[in-house]
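Inspection log for the structure reproduced underneath, given as structure tokens.
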There are 2 protein chains.
Amino acid sequence: MKALNIGRLSERAGVNIETIRYYEKIGLLPEPSRTAAGYRQYGEDHLRRLRFIRRGRDLGFSIEAIRALLRLAEHPEQPCARADELAVEHLAEVESKIADLTRLRDELQRLVHCVGHSVAECRIIDTLAAIK
Amino acid sequence: MKALNIGRLSERAGVNIETIRYYEKIGLLPEPSRTAAGYRQYGEDHLRRLRFIRRGRDLGFSIEAIRALLRLAEHPEQPCARADELAVEHLAEVESKIADLTRLRDELQRLVHCVGHSVAECRIIDTLAAIK
DNA sequence: ATGGAGGCTGTAGCCACTACAGGGTCAAGG
DNA sequence: CCTTGACCCTGTAGTGGCTACAGCCTCCAT
């Protein structure tokens, strides 16, 4: 079980090197030990934690939500109602974003494929200008 | 046709005062004339332009896309193919965002409503940890 | 004369990274 | 032993599109 340097960790977790250092700076990933030359040395626990973070981000959780979920994950004996709460909250946000974007898409679809030939009779410009 | 100060323009266009000054700084809204005391004085042309910008933002266009659309709107004799192109591009982005979020929503829906009682058996934490 | 609403500039903060600049370190090949 | 190139380090600044001050000045009604 040899230690991973940051490049190797980056590959194995699917997270950018710069992003790993950023997570360390904001206290999401604990500071690893260092070699004599100052290179970061990661273990399996770091890899697991970083993958947890990446999956959370893939699911669109904010950094702060992930921070809370990590705290929960560290206390397996506690009730998990809070995790459910965080997920439900996030789901609601995602659903509301979908609704917003769907309305947007409908408007854009009505707009697109302008039949005019010059800007003077362009439906898109017209809609934005809404001179009336 | 009296001049508008920034507060009045803000109300009439539905755009924040700070945002108006920001648009001026980035060159989206032209610098207005000033009173002796240095107060900004806007006219109808500013109001029209700012509303155009706001509608574009409401439709989710980026500042740069709006900059391009404004340039088009200023040249009504030119062909409007470029406006259509910008709208089609943007529509595609919106559609792809909807698709992403829909996948996300499905995943979250599967996740949510954790049946366990403690974190140790929590489906949410489990999925993120994905220890397998 | 005064008080409160509104205006001004300039800077810093938000989120979650990303992209350098300018250096140091390591391992393999010549 | 030396060089080359891949990798690592720190620190800072930039992204988009605002938003939020701090610390001033000005206008108008009472």
Connecting every pair of Cα atoms under 10 Å apart in chain A and solving the GNM, the largest mean-square fluctuation among A:51, A:12, A:110 falls on A:110
Connecting C-alpha atoms closer than 10 Å in a GNM of chain A, tell me which of A:50, A:104, A:69 has the biggest fluctuation. A:104
What one gets for chain B as the Kirkwood radius, inverse of mean 1/r over different Cα pairs in Å, is 18.7 Å
So the carbon and sulfur contribution to the accessible area of chain B, 1.4 Å probe, in percent, is 50 percent
Only Cα pairs within less than 10 Å get springs; with that Gaussian network setup on chain B, which residue of B:88, B:112, B:15 has the largest fluctuation? B:112
I'd like the orientation of helix B:81-111 relative to chain B: the angle between its Cα long axis and the longest Cα principal axis, in ° from 0 to 90, rounded to 10. 30 degrees
What number, in percent, do you get for the relative contact order of chain B if the mean sequence gap of Cα pairs under 8 Å and at least 6 apart is divided by its residue count? 15 percent
Cross-link partners of residue A:2 among aspartates and glutamates (Cα-Cα below 15 Å; sequence separation of 8 or more within a chain): A:44, A:45
Label point distance in nm, residue A:93-residue A:18, each placed 7 Å from Cα along Cα→Cβ: 2.3 nm
I'd like to check one number: the per residue accessible area of the protein assembly as shown, probe 1.4 Å, reported in Å² as a whole number. 58 Å²
Which value, in Å² rounded to 10, gives the accessible area of residue A:102 with a 1.4 Å probe and all protein chains present? 40 Å²
Interface area, A with B, accessible, probe 1.4 Å, both sides summed, Å² nearest 100: 4100 Å²
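The values are calculated or read from the model by the stated rules, or taken from the named source; none is laboratory data. Only a predicted model underlies this, so the values are computations on that prediction, with no experimental measurement involved. No Cβ is skipped: glycine too gets one built from the backbone with ideal geometry, and neighbour counts run over all protein chains shown. To get the accessible areas, we keep the full protein, side chains included, count just its heavy atoms, and leave off ligands, DNA and RNA. Shrake-Rupley method; radii C 1.70, N 1.55, O 1.52, S 1.80 Å.
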